[in-house]
Amino acid sequence: MAKAIPKKGSRGRISSRKSIRKIPKGVIHIQASFNNTIVIVTDVRGRVVSWSSAGTCGFQGTRRGTPFAAQTAAANAIRAVVDQGMQRAEVMIKGPGLGRDAALRAIRRSGILLTFVRDVTPMPHNGCRPPKKRRV
Amino acid sequence: MAATTSSSSPTSLLNSLSSLSLSSSPPPPTTVSLSSTSSSTKTLTAITQPPISPLIHNTSSNIHSLLYPSLAYSNNLFFKTPYNVQVIVGPDESEESLIGRFRREVFRANIIQECKRRRFFETNQEMRKRKIRDAARRRSRRRQRPVAKKDEISRKKVDDEPDNWELIDVEVPYCQ
């Protein structure tokens, strides 16, 4: 594990309860690929709080890549976090997909204050060779 | 035109900056550059705050630009996470304006086009074809705009000619 999280509580107790942290500010990562959209809510350091995707929202196959599915995924992810008291958020969008704008729209409508909206699509400086062309 | 983003790791850039500060004397410009949080050269930002002036222009030493030309735009370093496009959301911004602004910035940075290009491998032949197509498109775009201006000017000149060859209604003697 890269980040060492200090243990808390006594040794003897088996902590089966989830640690509910109150996070006022967080980061929302949207990974929008052509086939799916994943929305992950983390804290500022990057530790995941909750996540949701078009697939977990009940969509299957080609419907996962649609903007509507991205909208429901984002709404789902944020609903779980708003209860924990998150007010402000940054948005990091990755990937070229139809879910980019739709998820952003859903986040905006949910009432969370947005500070930044960033695009963090990874761009190689001519690195690995991509797979061959499809002959469809 | 492929927009490349110089997202070199922050640690390597910090190292190069520290070497810069050690080699030359002035301390204040280096602190300015280290505290800057603007984006890198080839990335676009819609920052409404005034940008921090570049390191090179502030300092009187031209040694920086000679020795480290790649650091000429070192004011545009990003330190936390590398990003391609950043849009700072205002306090009362409508949903459509925010999305419109974001989409415009992304379009200007050519991100989606690049992603589609890099999805599958393109051979040298395909790369050459694509470059020819892009160059032709760019040339046609450049020629459309100034040509339109020339048309307007030529039309105006026709009206302001001093010679007027139209028939004048004047009574000429000995003519009916």
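Each reported figure results from applying straightforward, stated rules to the coordinates on display, with no laboratory input. The structure presented is a predicted model; accordingly, all values stated were derived computationally and were not measured. With ideal geometry, Cβ positions are generated from the backbone for all residues, glycine too; neighbour counts draw on all protein chains shown.
Only lysine pairs 8 or more places apart or on separate chains count here, and in chain A those with Cα atoms under 22 Å apart total 8. Taking the Cα centre of the range A:7-136 as origin and assigning +1 to Lys and Arg Cβ atoms and -1 to Asp and Glu Cβ atoms, the resulting dipole is close to 520 debye. Amide H to amide H, with H built 1.01 Å from N, A:S50 comes under 5 Å of A:V41, counting only residues 5 or more places away or on other chains.
Label-to-label distance, A:R63 versus A:F34, with points set 7 angstrom from Cα along the beta-carbon direction: 2.2 nm. Averaged over the residues of B:117-123, the number of partner chain Cβ atoms lying within 10 Å of the residue Cβ comes to 4.
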